[in-house]
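Presented below is the structure to which this report refers.
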Amino acid sequence: MISNYKTSKNFTLRGLRKIIRTFFDLSPIFINQFFAKQGYTYLISRNKSFYFKSSIYGTNLKIIAHSLSNIDRVATSNKKINDDFVYSYSDPIYGIFSLNLKNWVMIDIGANVGTYSLACTAAGAKKIYSIEPGNTFEKLNNNVKLNNLEKIISTFNFGIANFEGNMRWYEELSNVGNAHLVKDITDIDLSKTNTLLNKKFMEVKVKKLTSFIKENNINKIDLIKIDVEGMENEILESIEEIIKFQKPIFLIETHRIMSDIVGYDCITPIFNRMYNHNYESYHFNGNKFEKFIYPNFPMDTFFIPNNKYVINK
């Protein structure tokens, strides 16, 4: 009976979601914009391209959001829900809020339009180095200026890799602003996903994180966020000394599908490396941290030094 009830409920929710999406798909842009500005971004059309200004993550900070950007829609939503319209508090940004760090320094690698960088200023960050190589860099800068945060957030228009040189930045067609940074398009296998990339690419500069830290005289790092579509372990490999001696908290995108896309296991080495450095792995879910052990991992992982921070479990 319980199983039948859940099946019926899910079927009803999917039907309701389809009706609502159809309504907004058929509605003019100004109606979509009105609901988007109110924070109902989980309802707006995914087929209409438009911009809207809205606050992010329940703060007073605002961004100029795009309707086709999943990152923008999530950040500006007034409800934290999953695809079945069920309330959820699993977005990692709320994990950062709950850490209660004081006067902390963050490096945001793969900052996109800056939603995390901006929100972290509301969480007490005193300095953020926001790094984005692609054409979303202009949007990142505009969002920082919109909130008058230029003194706290410094932006940098290049990528982070395990070498110095150039790579190609391919943007996703169905998710504005999201992209893959590769040496060549043949380095990834997109047949494993529904992702479609723009065939035109930007050639962008990349450098090592250690070089960047030295150039900017960064002596203190409390948190490093890494979201680089499968290159996360390569970056970690290049900063062994920082991991060992500074022990910052890490928030790393750990998507299972990325190993299929890049053609090798890019996830297991991340966990092995961090465990070897006496870190523990956490998922932020239901408004609290939940400790887990690889291979039972979610999409995003907090790596927190053992015994360094008090975690509300």
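Rounded, prolate or oblate for the range 245-302? Axes are the square roots of the Cα gyration tensor eigenvalues, ordered a ≥ b ≥ c, and the cut-off for rounded is a/c under 1.5.
Cα axes put the range 245-302 in the oblate bin.
Kirkwood hydrodynamic radius for the range 168-275: how many Å is it when counted over pairs of different Cα atoms?
15.3
Please calculate how many Å² of accessible area the chain carries per residue, with a 1.4 Å probe and no DNA, RNA or ligand atoms counted.
Computed with neighbouring chains in place, this is 50 Å² per residue.
Within the range 173-220, report the trypsin sites (Lys or Arg not before Pro) that DSSP leaves as loop and that have at most 16 other Cβ atoms within 10 Å.
In loop regions of the range 173-220 (DSSP not H, G, I, E or B), the sparsely surrounded trypsin sites (Lys or Arg not before Pro) are K183, K199, K200, K220.
Between R17 and L146, take the C-beta separation as r, use R0 = 45 Å, and let me know the FRET efficiency to the nearest 0.05.
For R0 = 45 Å, the calculated efficiency reads 0.90.
At q = 0.12 Å⁻¹, what base-10 log of I(q)/I(0) does the Debye formula yield for the range 80-189 when every alpha carbon is treated as an equal point scatterer in vacuo?
-0.51
For the chain, give the percent of accessible area contributed by carbon and sulfur heavy atoms, probe 1.4 Å, rounded to a whole number.
Here carbon and sulfur together make up 51 percent of the probe-accessible area.
Which one, G39, N157, C266, projects farthest toward the positive side of the charge dipole computed for the chain from Cβ point charges (K/R +1, D/E -1)?
G39
Which value in nm describes the separation of the simple spin-label points at K126 and F30, placed 7 Å from the Cα toward the beta carbon?
It is 4.9 nm.
Assigning unit charges at the beta carbon (Lys, Arg +1; Asp, Glu -1) and nothing else, what dipole magnitude in debye, to the nearest 20, does the chain show about its Cα centre?
Once rounded to the nearest 20, the dipole reads 1180 debye.
Using only DSSP helix segments of four residues or longer, with each worth -39500 (n - 2.57), what per-residue ellipticity at 222 nm results for the chain after dividing by its residue count and rounding to 500? Each step should come with its number before you reach the end.
Numbers: 11 runs with 101 residues, N = 313.
That comes out to -9000 deg cm²/dmol.
The values are calculated or read from the model by the stated rules, or taken from the named source; none is laboratory data. Bear in mind the structure is a predicted one, so any value in this text is a computation, not a measurement. Note that we place each Cβ from the backbone using ideal geometry, even for glycine, and neighbour counts take in every protein chain shown. Just so you know, the surface numbers come from the protein's heavy atoms only, side chains and all, with ligands and any DNA or RNA stripped out. Shrake-Rupley method; radii C 1.70, N 1.55, O 1.52, S 1.80 Å.
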